[in-house]
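Please treat every number below as a calculation from the coordinates, not as lab data. Note that the structure is predicted; figures quoted are calculated from it, not measured. Using ideal geometry, Cβ is built from the backbone for each residue, glycine included, and neighbour counts are taken over all protein chains shown.
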Amino acid sequence: MSMLGGTMQGIPLVSLFNNIYMSQIDEKLGAESEFYRRVGDDVIVIDRDLNKLQQSLTYIKSESQIMKIILNQEKTILQPLELLFEYLGLAFEKGLVFIPHSKIQKITAELKVKFKSNSKLSSTAKLSRLRRLLMVNGHGISNVFQSIVNPHNLVHDTKHLQSISLRVMKIIWAYLGGGFTGKKLKQGRKILQSSQLRLQSLFSHFSNRIYQAKED
């Protein structure tokens, strides 16, 4: 659940007020729940006892009214852990953590704008522009792909990541090949493979982060 109201989000005082207003809730639910976390004004409570969860929700609603905090009704939910929910920009379902659909749409939309097909450019010019815009180093690592991975480093749904990576790579192949038809995508993929630009896929960037986290 998320709590709103009082001050404009983003100013330095917001985090301070969050801690002041929420400290009593932190102490009570942190001690009574099997799992309790709060980041800013976003709260998650997990417990196998449904009655305890209902009591926790009632308590939060009551305290919010006293403190004149407005609950975000869309995010204030009570449900089994197996069902889909979002928390801190991540999606959770049946023990899997993945990137929400809205985030994927935003990522792919931004890349499509960045890599609009331009038939006037040669393959060499397109590859040079690709390297520059994705900030690809000699090892094929892209700073742009890393910026997608970093805020989602808890994601571990491999099939989902492979699907996202393929969508991203198709945007790049379409840019190099001149369109999204099967023939042009194949041509773009061939151009990338035969080039000196050893661009690692978005999935590889995620895999490197996941395996590194496991080793650490």
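To two decimal places, what compactness ratio does the stretch 170-211 give when its Cα radius of gyration is scaled by 2.2 N^0.38 Å?
On the way: Rg = 11.8 Å, N = 42, 2.2 N^0.38 = 9.1 Å.
This ratio for the stretch 170-211 stands at 1.30.
If I take every Cα pair under 8 Å that is 6 or more residues apart in the chain, average their sequence separation and divide by the length, what percent do I get for the relative contact order?
Value for the chain: 16 percent.
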Within straight-line cross-link reach of K120, lysines at Cα separation under 28 Å, skipping those fewer than 8 residues along the same chain: K106, K112, K170, K183, K184, K186, K190
Residues of the stretch 136-158 with amide N under 20 Å of the 7 Å Cα→Cβ point at K106: 143-157
Those lysines that a straight Cα-Cα span of less than 18 Å connects to K61, excepting residues fewer than 8 apart in one chain: K28, K52, K75
Whole-angstrom Cα spans of the stretch 96-215 along principal axes, big to small: 43, 30, 20
Electrostatic dipole magnitude of the stretch 96-215 [Cβ: Lys, Arg +1; Asp, Glu -1; Cα centre; debye, to 20]: 600
Where labels lie 7 Å past Cα in the beta-carbon direction, separation of Q193 and L88 in nm: 4.0
Acute angle (nearest 10 degrees) that the helix 182-194 long axis makes with the longest principal axis of the chain, alpha-carbon atoms: 80
Overall dimensions of the stretch 46-156 by Cα: Rg and Dmax, Å: 21.6, 65
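With +1 on the Cβ of every Lys and Arg and -1 on the Cβ of every Asp and Glu, and nothing else charged, how large is the dipole of the chain about its Cα centre, in debye rounded to the nearest 20? Provide the component values of the computation, followed by the final result.
Details: 30 positive and 17 negative charges, 451 e Å.
Charge dipole, the chain, about its Cα centre: 2160 debye, nearest 20.
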Partner aspartates and glutamates for K103 [C-alpha distance under 19 Å; skip if fewer than 8 residues away on the same chain]: D42, E74, E86, E93, D157
The chain: angle of helix 158-177 to the longest principal axis, Cα-based, in degrees nearest 10: 40
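Using packing as a proxy for protection, rank 168-177, 46-55 so that the peptide with the highest average count of other Cβ atoms within 10 Å comes first.
Numbers: 168-177: 21.4, 46-55: 12.6.
Order by mean packing, descending: 168-177, 46-55.
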Semi-axes of the equivalent ellipsoid for the chain, Cα gyration tensor, largest first, Å: 44, 18, 15
Nearest-ten-degree value, helix 123-134 long axis tilted from longest Cα axis of the chain: 20
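Just from its helices, what would the mean residue ellipticity at 222 nm be for the chain, if runs of 4 or more DSSP H residues each count -39500 (n - 2.57) and the sum is divided by every residue, rounded to the nearest 500 deg cm²/dmol? Intermediate values should be presented prior to the final figure.
On the way: 8 runs with 118 residues, N = 216.
That calculation yields -18000 deg cm²/dmol at 222 nm.
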Leading residue at positive end of dipole, the chain (Cβ point charges), from I77, L185, L96: L185
